[in-house]
Amino acid sequence: MTSIAVDHLLNQVRAFVDDEVAPAAAGWSMGAEPDPALFTKAGALNLMGIEVPAYLGGLGLSFAVKTQVCEIIAATDFGIAMALVNSHNVAARLCRTAPPNVRDRYLPRLLSGKLRGCTALTEPGAGSDFASIITQASKIDGGWRLSGEKAWIINARHAQVSIVFAQCREIGDVNGISAFAVDLSAPGVQRYAIDGPFQQTSIGTGGFTLDKVEIAEDCQLVAPGKAFKTVLSEINGARAYVAAMCNAMLRAAITEASAYGVRRTTFGVPLMDHPSWQHALDAAQADLTFAEGLVARAVQDVDRGADAQLSAAEAKVECILICQRHMPSLLHAMGAEGLRPAHCFTRHLAAAQVAGFTDGATNMLRDRVARLKQTASAD
Ligand SMILES: Cc1cc2nc3c(=O)[nH]c(=O)nc-3n(C[C@H](O)[C@H](O)[C@H](O)COP(=O)(O)OP(=O)(O)OC[C@H]3O[C@@H](n4cnc5c(N)ncnc54)[C@H](O)[C@@H]3O)c2cc1C
């Protein structure tokens, strides 16, 4: 695809956001469910196929383009951007490691948006400490039997197919963890939604229990011993695009508050002419410029196939903290008006908290960054 074609795609995504996301986002933050047609409209733009090879029906584009698309959507609604990119990642994973019959069972409908996918690592008792998952995969004649529970999974309340990580050996054995394609309409699967004031319905968070769910042999996508490493390498990309999405939310909030500062007058002058009011926006912009540099470095590392462990983790930690720090002061700069769901502030405030958990919680990642920096300086 030429750069002109990429620009065309990005413009189409902007129009999709204006027509489909912006009018609905306020409702999603108050509990309305997204219209399934939104996903087929995203499918018509091939947004679930950005990194999927062209010969399999995708666009065959780079990670950097996927990140740009995520940014454009997240500027208005982080939840729907995460829902779409998580479905995308399931499609890409099936293309990389599923046998053709398993891949073809889901891929065309994932790409068209007729069905959604999710990736399930987290369990009620295991989040940061992924190696301690207890969902068990036992070998049976011709396949596997899975039992356990997954929780806090994006798209889980609507997804048809899930990449489920399960333990094939003793609990705690990182070399025993494997990944399976599981059809969530199979007998023994019971799903549930997870709701709450910080949960935009657009992200589709939920969980499911697996009660002796039987799947065919060829649904094992990643062999034991490789799954743990696969997760650690793929998560770098997720950290980089979540960081980029936090920057997009902050950028959108600065833009919206700036425009309000021109319109709204207090004590006879526009808000922007009060130095202390403007200071909040300038401080946010300065930190955003720094955060953009971190994302650019991480995205470049992921795209080049370089070791992105440190750059992606650092970008995620810093961009989330910056977004979490400035979003309340930007909301405050709007006065009471900022609380209206028609604006982005309350939505992005909640999303910045959610971003602090997905793909590695901030506290734990901060320690990881410190350790990686120490190792790098010792080398
Ligand atoms: C909206 C949402 C969507 C999600 N989507 C998915 C998904 O699609 N798929 C999926 O598999 N998971 C998903 N998750 C789960 C997410 O990956 C976990 O929340 C995350 O891994 C943290 O795990 P936990 O919540 O169990 O926290 P815990 O692991 O219990 O940690 C609790 C707190 O302690 C801190 N902590 C833990 N260990 C350490 C340590 N060693 N040192 C210092 N601090 C530590 C953590 O940073 C955290 O602040 C989602 C979560 C949310 C909120």
Checked the range 113-129 for anything within 15 Å of the ligand (Cβ to nearest atom) and in contact (Cβ under 8 Å) with a residue 12 or more places away in the chain; matches are Arg116, Gly117, Cys118, Thr119, Ala120, Leu121, Thr122, Glu123, Pro124, Gly127, Ser128
Residue among Val90, Val69, Val102 that is in contact with a strand residue (DSSP E or B) (Cβ under 8 Å, 6 or more places away or on another chain), within 21 Å of Glu234 (Cβ to Cβ) and crowded, with 22+ Cβ neighbours inside 10 Å: Val90
Do we have Ser132 as over 30 Å from Asp19 (Cβ atoms), without any contact (Cβ under 8 Å) to a residue 60 or more places away in the chain and within 16 Å of the ligand (Cβ to nearest atom) here? yes
Only listed residue being assigned to a helix (DSSP H, G or I), in contact (Cβ under 8 Å) with a residue 24 or more places away in the chain and touching a His at 6+ places or on another chain (Cβ under 9 Å), chosen from Ala280, Ala244, Ala291: Ala280
If I filter the range 215-222 for residues that are under 23 Å from Leu365 (Cβ atoms) and crowded, with 22+ Cβ neighbours inside 10 Å, do I get at least one hit? no
Residue, farthest from His88 (Cα to Cα), within the range 147-181, restricted to residues that are more than 13 Å from the ligand (Cβ to nearest atom), surrounded by fewer than 24 Cβ atoms within 10 Å (Cβ to Cβ) and of a type in the set (A, V, I, L, M): Ile171
Does Ala83 satisfy the condition of being surrounded by fewer than 18 Cβ atoms within 10 Å (Cβ to Cβ) and at pLDDT 95 or above? no
Inside the range 328-379, can you point out the residues that are loosely packed, with under 15 Cβ neighbours inside 10 Å, of a type in the set (Asp, Glu) and within 15 Å of the ligand (Cβ to nearest atom)? Asp367
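The values are calculated or read from the model by the stated rules, or taken from the named source; none is laboratory data. All values derive from a computational prediction rather than experimental measurement. FYI the Cβ positions are ideal-geometry reconstructions off the backbone, even for glycines, and counts take in every protein chain you see.
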